[in-house]
1. Tell me whether the range B:89-100 contains one or more residues that are among the charged types (D, E, K, R), in contact with a helix residue (DSSP H, G or I) (Cβ under 8 Å, 6 or more places away or on another chain), more than 9 Å from chain A (Cβ to nearest Cβ) and part of a helix (DSSP H, G or I).
2. Please specify each residue of the range A:1-49 satisfying the condition of being part of a helix (DSSP H, G or I) and of a type in the set (A, V, I, L, M).
3. Taking the stated definitions as given, is A:P68 more than 9 Å from chain B (Cβ to nearest Cβ) and free of Cβ contacts under 8 Å to residues at least 24 places away in the same chain?
4. Select from the range A:49-61 the residues that are out of contact with any Leu (no Cβ under 8 Å at 6 or more places or on another chain), more than 7 Å from every other protein chain (Cβ to nearest Cβ) and buried (at least 19 other Cβ atoms within 10 Å of the Cβ) and list them in ascending order.
5. When the residues of the range B:155-199 are narrowed to those that are under 17 Å from B:E111 (Cα atoms) and of a type in the set (F, W, Y), which ends up nearest to the chain's Cα centre (by Cα)?
6. Assess whether B:M54 counts as being buried (at least 17 other Cβ atoms within 10 Å of the Cβ), at negative phi, in contact with a Phe, Trp or Tyr (Cβ under 8 Å, 6 or more places away or on another chain) and at pLDDT below 90.
7. Pick out the one residue from B:C77, B:C40 that is within 12 Å of chain A (Cβ to nearest Cβ), at pLDDT 90 or above and buried (at least 16 other Cβ atoms within 10 Å of the Cβ).
8. Of all residues in the range B:8-37, which are loosely packed, with under 14 Cβ neighbours inside 10 Å and not hydrophobic (A, V, I, L, M, F, W, C)?
Amino acid sequence: MFDKSQLMRGTLEGCILKVIFSEVTYGYEIMEKLKSFGFSDISEGTIYPLLVRLEKKALISSEFRPSPLGPNRKYYFITGDGEDMLHLFEEYWSSLSQTVNRILNLGEN
Amino acid sequence: MANLEKTLRKENNLSEKQLTKENNLILTDMIVYLHSSNLCEYDIEIIRKELIGMALEAQLREEGLSTVVGEDYKAFCDELIKNGRKKTSYETVLEFLYVVVFGGGALFFYEIIKNIIMVVSKKGLTNSVLDLPISWGFVVSFVCAILFAYGIFTFVSKNSFELTDSKLHKFLFIVGFTIIFVGIGFSRYFFDRFILSTINILIPIAIWIVGFIVVKILSDKHLNDLARTH
């Protein structure tokens, strides 16, 4: 059976960086945004370990801020290294997706 | 110097009280399991704060913690362990010293108080009350207690999810604990008559005080540095 998780992991990291690049945000909101773009299977539990990983690699940083719902939320910001990584991801993804699409279209024309 | 990790832990203990019983149980198992890993202690407390926040928000949306982190809590924790910051060698040494100072100190204080009571009850308040005989029984039980305490901690933390659910794991834990307790009692009974040396009780007390101050200062400084840069 096709294992989606391996393909998702690396792709999600790039997408999370893009979401955080577009605005300072927190875990639940990142998940909602990713869902709205079509990542329907993900939960906070999927992205939280990735946020921990991105923070460990200093690609994002964070701070706790009060939330209107009660408990403090951890808000994430992208760092300079994170922006560099995002640009690399965008370039690589563009080239990779074109390549994969060409291969998948083999025999269809 | 205040320890910022303690402050964070107190905050977390307070917030945790707002969790439902079910979420509280799940979260406790998860945190205990994370403690079996080589994740940095301060980071575990930060993760705890975030998970409590996620669980509380889920409660407000009338959802369970399982809808947030999935049904497989162990797999979720393994992901965190894989992706989180690992303890440095310095942090490992500090933790070891902390256990030696507090665990070893507690055993020595028990020995000192037991000895004082025995001497006073037999001979009254004389100078010999300051003499602490170090027997083979004490040495064997001291080493065993430290090793077994570490073993129990490892067993409980690595099996936190199973201990909550499985009766066999609970049974094994109780049997293991009883064997250790009885074993230490026997070693004291049989080996206490073999005295290695007699020392003045002020020596271990002085060593403990110095050790306590050094470990506390180093540990607090390191944790506060971590908290500031996190």
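1. Yes: the range B:89-100 contains one or more residues that are among the charged types (D, E, K, R), in contact with a helix residue (DSSP H, G or I) (Cβ under 8 Å, 6 or more places away or on another chain), more than 9 Å from chain A (Cβ to nearest Cβ) and part of a helix (DSSP H, G or I).
2. A:L7, A:M8, A:L12, A:I16, A:L17, A:V19, A:I20, A:I30, A:M31, A:L34, A:I47
3. Yes.
4. Matches in the range A:49-61: A:L51, A:E55.
5. Selected residue: B:F181.
6. Yes: the conditions hold for B:M54.
7. B:C77
8. B:K10, B:N13, B:K17, B:K21, B:E22 - these are the residues of the range B:8-37 that are loosely packed, with under 14 Cβ neighbours inside 10 Å and not hydrophobic (A, V, I, L, M, F, W, C).
The values are calculated or read from the model by the stated rules, or taken from the named source; none is laboratory data. From a predicted model like this one, the values you see are computed outputs, not experimental measurements. Positions of Cβ are backbone-derived with ideal geometry, glycine not excepted, and every protein chain shown enters the neighbour counts.
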